1. Using the Cα gyration tensor of the range 102-157, with a ≥ b ≥ c the square roots of its eigenvalues, what is the shape: rounded (a/c below 1.5), prolate (a/b larger than b/c) or oblate (neither)?
2. Strictly greater than 24 Å: what percent of every Cα pair in the chain meets that?
3. Report the charge-dipole magnitude of the range 1-80 in Debye, nearest 20, computed about the Cα centre from +1 at each Lys and Arg Cβ and -1 at each Asp and Glu Cβ.
4. Counting other beta carbons within 10 Å of each residue's own, what order do Asp117, Asp36 fall into, fewest first?
5. Quick one: order Thr130, Thr40, Thr10, Thr163 by neighbouring beta-carbon count within 10 Å, fewest to most.
6. Does the range 133-206 come out rounded, prolate or oblate by the C-alpha gyration tensor, with a ≥ b ≥ c the root eigenvalues, rounded set by a/c under 1.5 and, if not, prolate when a/b is larger than b/c and oblate if not?
7. By the scheme Lys and Arg +1, Asp and Glu -1, what is the net charge of all other residues having a beta-carbon under 15 Å from that of Ala193?
8. Under a crude label model (7 Å from the Cα following the beta-carbon direction), how far is Asp69 from Ala19 in nanometres?
Amino acid sequence: MCLSGLYVITEPALRDPIATAQAVLQAGVRLLQLRDKTATTRELTRVGQELRVLTRQYEAHLIVNDRLDVALAIEADGVHLGQDDLPVALARRIAGERLLIGVSAETIEEARQAEADGADYLGVGPMFATHTKPDAGAPVGPERLRAIKHAVRIPVFGIGGITLKNAPAVLQAGADGICVISAVVGAPDPEAAARAFLHMLAQAGE
């Protein structure tokens with residue numbers, strides 16, 4: 001699969017994940033992550049199964065945040081792991097090549113280690129200040145992303161505080177794509193917001 005473009009992450013505090021998926025998939029988004037830090041395993045699995053049906057209808061890819069067990073249970077396309085989650089090498093040993101594995105990274109060292117351990121892509125950030133992830137560290141900025149991009153061979157996505165206004169700077173730094181939460185999920189019209197990002201990305205690629 002092509003790991004690039006717009007990657008939308010659900011946030012139930014802003015909008016129901018199913019409603020989010022319906023809107024952004026209709027807009028043309030083909031990378032969707034199920035993220036819910038408060039749901040029980042049973043609830044996360046239920047929502048994940050519904051999203052799996054939707055993403056298959058649109059030939060989109062579904063990634064589950066943090067939870068390898070849920071990703072495997074719902075036959076998702078991948079799992080995204082943070083630095084405090086299951087080690088990448090162990091996740092790869094368990095999942096084999098069935099799943100894409102994404103990893104959050106803030107430094108060149110974390111990025112190189114993730115790649116060495118079998119990660120398929122990186123989420124680098126926070127790019128800018130963000131209120132969606134209270135535990136996020138200080139913004140790393142586009143220049144850090146540029147350095148990480150030069151240090152690894154796997155795709156790199158910028159994440160954290162990205163808006164239509166600052167997204168071009170992330171792309172100019174070498175990002176293969178951008179991950180968004182608030183700018184799309186929290187928008188009055190998520191479908192229109194997603195279309196605006198996709199249009200911007202298409203223009204940047206010309």
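Just so it is clear, none of the values below were taken in a lab; they were calculated from the coordinates. Since the structure is predicted, the reported quantities are computational estimates derived from the model, not experimental observations. Reconstructed Cβ throughout: ideal geometry from the backbone, glycine too, with neighbour counts over all protein chains shown.
1. On the way: a/c = 2.30, a/b = 1.61, b/c = 1.43.
Taking the square roots of the gyration eigenvalues as a ≥ b ≥ c, the range 102-157 is prolate.
2. 35 percent
3. Details: 9 positive and 10 negative charges, 11 e Å.
With Lys and Arg at +1 and Asp and Glu at -1, about 60 debye.
4. With the fewest neighbours first, Asp117, Asp36 line up as Asp117, Asp36.
5. The most exposed by this proxy come first: Thr40, Thr163, Thr130, Thr10.
6. Oblate is the answer for the range 133-206, as a/c is 1.5 or above yet b/c matches or exceeds a/b.
7. Neighbour charge sum, excluding Ala193 itself: 0.
8. 3.0 nm
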